[in-house]
Amino acid sequence: MELAELRNQIRAFVEASHNDSERFERELQERAAMVDTYNGVTSEKLLTMDKEGLYEYLAPLWAMRIWGNKQYVIDKLVDDNGLDALRTQLAALVWGKGGIGARWDGFRKKVKGLGPAMMSEILCKTHPKDFMLWNRRAYVGLKYLQVDGLPRYDYQLTGKVYEGLCGVASQIAKELAAAGFPDTTLLAVDYFIWDRLQVEDNLSRIHAKKDADEPTQTLPLATGAEFIHDDVRDKLRDIGEWLGLRAETERKVAEGAKVDTVWEATIGNMGRVIYVFEVQTKGSIDSLIINLLKSLNNPAVQGVVAVSDKDQLERIRSEAQGVKELRDKVRYWDYENVLKVHEDLEFVNESINGLGLVPQGFLRPA
């Protein structure tokens with residue numbers, strides 16, 4: 001980490017706190033209120049929380065700003081995971097006795113639809129001395145400080161990586177303390193990152209094409225493959241929903257064909273149109289091709305898409321060319337492009353939803 005630049009930015013931050021003491025006092029009280037709220041939701045309260053309570057717990061999160069209809073997101077979380085399982089896993093993540101790395105990885109394996117931004121925000125607002133908040137802005141800020149090994153995408157953010165990031169945030173908190181800033185929680189570090197480290201060049205480059213000298217990543221075929229698979233699968237669902245389609249994961253579309261993600265649209269009174277996505281991280285390519293073939297037995301399926309890294313996509317393409325029923329109907333989508341599209345749409349949705357054009361009360365069912 002570039003300590004000299006960090007200290008320069010902290011000096012400017014502390015000076016601003018003196019020049020605009022009213023804003024900084026308001027933000028201090030704001031952080032205290034958030035911590036009081038989330039720290040007050042004990043393990044016992046989480047384990048007995050009803051669906052309405054879950055909404056009140058998750059809806060205020062900053063990570064939820066990308067969604068216009070927050071009730072829909074909560075309903076999907078409950079439908080996909082079950083209320084009991086979701087409550088149990090949240091309690092284990094937030095209040096479990098083991099190390100945060102194992103708790104983080106366990107939650108990621110067992111819970112669909114609640115990713116690192118929401119997880120880290122809950123942890124940070126509940127235990128602000130121990131855990132940092134990780135999101136796109138944190139990535140931009142720490143990249144500006146030249147922190148090595150930052151996770152660019154969610155699937156890279158394992159429990160071990162999150163532990164390391166919390167250590168980096170704790171270093172920043174110590175520098176804040178040394179400079180005389182009164183709030184040295186990792187939630188205050190998040191405010192500092194937003195206030196001082198959102199450098200324009202980094203913000204613009206995050207949505208630009210990958211640098212030519214940045215190494216291309218490919219999907220690991222063993223370690224962590226399930227994280228990557230589920231992350232891409234869920235992001236495909238999000239993209240479909242943001243495009244106004246009905247999108248689901250792990251859905252049976254034909255006999256013997258349960259696929260990773262589907263997008264579905266209803267066209268007037270003409271019926272349904274379904275698009276199928278299969279994510280390949282490891283395993284048999286023959287199995288993927290057979291699954292795509294079976295899905296085409298459903299007449300509503302109008303397109304099938306194989307999603308993987310560049311090398312595997314070439315192998316899938318080669319195999320599919322020998323299958324007459326499939327070769328002209330399958331499309332190929334690089335998983336890194338999927339992640340970039342999701343990131344861009346996330347940015348757009350967060351910006352538009354920030355305008356507050358549709359009141360939440362209108363979106364929530366009576």
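The values are calculated or read from the model by the stated rules, or taken from the named source; none is laboratory data. Not measured: the values here are computed from a predicted model. For neighbour counting, all protein chains shown are included, and Cβ atoms are generated from backbone atoms with ideal geometry for every residue, glycine included.
The table below gives the values:
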read-out: Residues that are of a type in the set (Lys, Arg) and without any contact (Cβ under 8 Å) to a residue 60 or more places away in the chain, drawn from the stretch 255-303; value: 258, 272, 294
read-out: The stretch 333-366 - residue that is outside any helix (DSSP H, G or I) and surrounded by fewer than 12 Cβ atoms within 10 Å (Cβ to Cβ) and, of those, modelled with the highest pLDDT; value: 355
read-out: Residue check, residue 330 assigned by TED's automatic domain parsing to the domain that holds residue 263 and modelled with pLDDT under 90; value: no
read-out: Test: residue in the stretch 194-207 that is modelled with pLDDT of 85 or more and either farther than 21 Å from residue 5 by Cβ or not assigned by TED's automatic domain parsing to the domain that holds residue 34 (or both); value: no
read-out: Answer from 28, 46 - the residue that is closer than 21 Å to residue 177 by Cβ, part of a helix (DSSP H, G or I) and either of a type in the set (Gly, Ala, Ser) or in the same structural domain as residue 191 (by TED's automatic domain parsing) (or both); value: 28
read-out: The stretch 3-19 residues that are more than 14 Å from residue 197 (Cα to Cα) and assigned by TED's automatic domain parsing to the domain that holds residue 197, paired with ones that are in a helix (DSSP H, G or I) and modelled with pLDDT of 95 or more (beta carbon under 7 Å, 6 or more apart); value: 17/24
read-out: Wholly within the stretch 111-183, helices (runs of 4 or more DSSP H) carrying at least 3 residues that are more than 27 Å from residue 335 (Cβ to Cβ); value: 116-126, 159-178
